[in-house]
1. So if I place +1 on the C-beta of Lys and Arg and -1 on the C-beta of Asp and Glu, and nothing else carries charge, what would the dipole magnitude of the range 1-106 be about its Cα centre? I want it in debye, nearest 20.
2. Please give the per residue accessible area of the range 1-114, computed with a probe of 1.4 Å over protein heavy atoms only, in Å².
3. Take the range 1-98, compute every pairwise Cα distance, and split them into 10 Å bins from 0; I just need the percent in each bin.
4. Using the crude model of +1 on Lys and Arg Cβ and -1 on Asp and Glu Cβ, and no other charge, please compute the dipole size for the range 44-188 relative to its Cα centre, in debye to 20.
5. I'd like the antiparallel share, as a percent to the nearest 5, of DSSP beta bridges with both residues in the range 1-127.
6. Stick to Cα atoms and the Kirkwood definition of Rh, then tell me Rg/Rh for the range 58-104.
Amino acid sequence: MPILMLWSAPRSRSTAFYRMMIERGDFTGVHEPFSRVEVFGAADIGTRALATVPEVIAELRSLAATRQVFVKDTTDRRHPGALADERFLAEDAQHTFLIRHPRETLRSYLAIRRNPRIHEIGFETQYELYAKVSRLTGRDPLVVDAGDLMRRPADAVRAYCAHAGIGFRPHALSWQPSDRPEWLGGFSRWFTGVAASSGLGDVPGRRSLDADQHPLLSTYLAYHLPFYQELYQRRLVVLAARGGVDVMPELLA
């Protein structure tokens, strides 16, 4: 069974997407294993503590031999280990991407951390991964826009599922507010909104700042916007279901 991978810049609704995928009940969820190896020196997958990216990828392959696996990770840092494993990028996993306008991600990021470094905004690394997967596979990877996801969750998730080759499970669009073990520890402050949520489109936000008026972050916005725009041009076009029949999504050229 292939691994279904979601790469997202920070503060792009990816944890809400992960929560929805867990609610489906047919995937083993793995939350940010590459980031945890980079930041904390180890990632826990099941009962195993894995200290290197090759160990993480080997464990994902082992899990996927018996059950569907969904992995969510962020691109606030480069992932050289993942980028180096061309089999993982081209064969073992289906790599998908979730984007959100960097103006919005910057506002959300600043509410939690006031002085991020420019690469931590994440769009440059996200595009780097996208471009390499595209080159290795000869296909445009699946890109979903968070605006579609939050405004029209049923249509966006239905389109994602159709393009990813998995069944659409509408019951997964809502859940009981709760923490999850994956969110506890060093990253917990990043997940308070989704822990309080009950579904897509219902993620409580923090007080945001105007990134355009911030002396540092306006520079960050200008830097990352071209990478976002490249991905936005290739996003999945989400069309509403008509007359009870799903309209198949199309990728923009």
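The values are calculated or read from the model by the stated rules, or taken from the named source; none is laboratory data. Please read all numbers here as calculations on a predicted model, not as lab measurements. Backbone-built Cβ (ideal geometry, glycine too); neighbour counts: all protein chains shown. In case anyone asks, the SASA skips ligands and DNA or RNA and just uses the protein heavy atoms, side chains included. Shrake-Rupley method; radii C 1.70, N 1.55, O 1.52, S 1.80 Å.
1. Result for the range 1-106 is approximately 360 debye, rounded to the nearest 20.
2. So the range 1-114 comes to 36 Å² accessible per residue, rounded to a whole number.
3. 16, 54, 29, 0
4. Using Cβ point charges on Lys, Arg, Asp and Glu, the range 44-188 gives about 360 debye.
5. The answer is about 15 percent antiparallel.
6. 1.02
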